[in-house]
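Let me begin by presenting the structure, written as structure tokens, before commenting on it.
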Amino acid sequence: MFLNIKKIPKTTWSSNDSLSYNPKLKTFVYLCLGLFIYGLGSSMLIHSNIGNAPWVVLAEGVSRKLDLSIGGATFFISLIVLLIWIPLKQKPGVGTLMNSIIISLVMDLSTSILNISSPHFLINFLIVLIGILLAGIGSGIYLIANLGPGPRDGLMTGIQKNSRYPISVIRILVETSVVFIGFILGGTVGIATMLFAVGIGPSVALGLKIVKLINSMKE
């Protein structure tokens, strides 16, 4: 069962050093592909108009206050989070930097080019489910690339290492705080926010399983 996956699988294109700044071209391409798919999936929730992913709630709130695009706000937040990494003694990798850039760009491209929102709730609900699935598959690809955690993932693991609290507790505290601050700033919170919070874990596990199966068939 994919839900029983307890560690990130290794493939022939996985990096052996998560902090390598000279990865194989194939590894780097897979990393960028995974981040693109994740960004597209996360942006699908914006189109649904029934709630955003937790960090996008914050990005939307920041974009309203600072007159930035969603992608611009996402990049700004990534920079702030990376500054918090310093006292947490976290080290960024290529994946960390590309995460900040690619997801921000995809957010802006998606919101400016795609027009898939619907006045029908069931269609928007389906858009959310597709978005969560894409985010999970994208995560599976870029996590297996093993080129460093994204800014937000590194924040949670850094807090966990310094506080010794379980990662599940840290994740809940961080995500709920992000949603609360984003909502106060004007971000959109709704059923899709809850669905993403509940569904992203199983979706990432499914993404890891799919990538592992595809890789095993090629070998």
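The values are calculated or read from the model by the stated rules, or taken from the named source; none is laboratory data. Since the structure is predicted, the reported quantities are computational estimates derived from the model, not experimental observations. No Cβ is skipped: glycine too gets one built from the backbone with ideal geometry, and neighbour counts run over all protein chains shown. Protein only, heavy atoms only, side chains kept; ligands, DNA and RNA dropped before computing areas. Shrake-Rupley method; radii C 1.70, N 1.55, O 1.52, S 1.80 Å.
Counting the residues of the range 138-171 that are under 26 Å from F36 (Cα atoms), without any contact (Cβ under 8 Å) to a residue 40 or more places away in the chain and open to solvent by less than 20 Å² (accessible area, probe 1.4 Å) gives 1. Residue count for the range 83-135 satisfying the condition of being touching a helix residue (DSSP H, G or I) at 6+ places or on another chain (Cβ under 6 Å), over 24 Å from P149 (Cβ atoms) and not in a helix (DSSP H, G or I): 3.
Per-residue answers, yes or no, for (1) out of contact with any Pro (no Cβ under 9 Å at 6 or more places or on another chain); (2) of a type in the set (F, W, Y); (3) open to solvent by 60 Å² or more (accessible area, probe 1.4 Å):
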position: I181; (1), (2), (3): yes, no, yes
position: T193; (1), (2), (3): no, no, no
position: S203; (1), (2), (3): yes, no, no
position: K209; (1), (2), (3): no, no, yes
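For the structure I just gave you, tell me whether G187 is on the phi > 0 side of the Ramachandran plot, open to solvent by less than 40 Å² (accessible area, probe 1.4 Å), touching a Leu at 6+ places or on another chain (Cβ under 8 Å) and outside any helix (DSSP H, G or I). Against the criterion (on the phi > 0 side of the Ramachandran plot, open to solvent by less than 40 Å² (accessible area, probe 1.4 Å), touching a Leu at 6+ places or on another chain (Cβ under 8 Å) and outside any helix (DSSP H, G or I)), G187 does not qualify. Among the residues making up the range 26-53, those that are outside any helix (DSSP H, G or I) and surrounded by 22 or more Cβ atoms within 10 Å (Cβ to Cβ) are G51, N52, A53.
What pairs come up if the first residue lies in the range 20-36 and is within 18 Å of S139 (Cβ to Cβ), the second is open to solvent by 30 Å² or more (accessible area, probe 1.4 Å) and part of a helix (DSSP H, G or I), and their beta carbons are under 7 Å apart, counting only those six or more places apart or on different chains? Every condition considered, the pairs that remain are L31/M98; C32/M98; L35/M98.
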